[in-house]
Amino acid sequence: MKQEIKLLDVVALRSDLPELGLYRGQVGTVVEEYEPAVFEVEFSDSSGRAYALETLRALTVDAVTPRAGCGKNLG
């Protein structure tokens, strides 16, 4: 069952979008939902600087589920 995508979810591209300079597996954050299944996704580098902001349909991305132990311990 495919996870429903919502605001602030982390998503990964399902296929290459070379016309946008984006490629399968690149990860971004949903920063706006314009209508059901249409999202604004921000792609950032490891320093947090955005390098792409694109409007994408839900069928072009998959929600990313964090794995246990992958986050930083901020406590």
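The values are calculated or read from the model by the stated rules, or taken from the named source; none is laboratory data. It should be emphasised that the depicted structure is a prediction, and the values quoted were computed from it without experimental measurement. Note: areas computed on protein heavy atoms with side chains; ligands, DNA, RNA excluded. Shrake-Rupley method; radii C 1.70, N 1.55, O 1.52, S 1.80 Å.
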inquiry  = Here are labelled values, (i) 0.97; (ii) 0.93; (iii) 1.67, and one is the computed Rg/Rh (Cα atoms, Kirkwood Rh) for what I pasted. Which one?
reply    = (i)
inquiry  = If I stretch the segment between residue 45 and residue 8 completely, what's the gain in nm (0.36 nm per residue apart, minus their alpha carbon distance), one decimal?
reply    = 11.7 nm
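Measure off, as a whole percent, the carbon and sulfur share of the 1.4 Å-probe accessible area of the chain, all protein chains present. Walk me through the intermediate numbers first.
Numbers: 2890 of 5570 Å².
With neighbouring chains kept in place, the figure for the chain is 52 percent.
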remark   = Residues whose built amide H sits under 5 Å from the amide H of residue 61, excluding neighbours closer than 5 in sequence, are 14
query = Looking only at 33, 54, 19, which one moves most when the chain is put into a Gaussian network model with springs between Cα atoms under 10 Å?
reply = 19
